[in-house]
Amino acid sequence: MPRPKSTTAKDTAKLSLYIPPAKGGVEVLAKLRKLAKAKDRSVNYLVVEAILQYLKREEKKQRS
């Protein structure tokens, strides 16, 4: 599956993410890297997809 073309810097929102050791920090990142490689996607892609799915799920709960 082809990846979408990059957008310009003005169209990009940035987020820095810290995963605490108590939540599995290094191990979580290792799992994300492994999954990203298997799916031929970036870690960023996986994280953004997870955030979007979470928001959709939570917004649906709030409407109910």
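The values are calculated or read from the model by the stated rules, or taken from the named source; none is laboratory data. Please read all numbers here as calculations on a predicted model, not as lab measurements. Cβ: placed from backbone, ideal geometry, glycine included. Neighbour counts: every protein chain shown.
Looking at (1) of a type in the set (Gly, Ala, Ser); (2) modelled with pLDDT of 95 or more; (3) surrounded by fewer than 11 Cβ atoms within 10 Å (Cβ to Cβ), which is the only condition ALA13 fails?
With (1) of a type in the set (Gly, Ala, Ser); (2) modelled with pLDDT of 95 or more; (3) surrounded by fewer than 11 Cβ atoms within 10 Å (Cβ to Cβ) applied to ALA13, the lone miss is (2).
Across the stretch 41-64, what is the total count of residues that are over 11 Å from the mean Cα position of the chain (by Cα) and closer than 22 Å to SER16 by Cα?
Residues that pass the stated criteria total 3.
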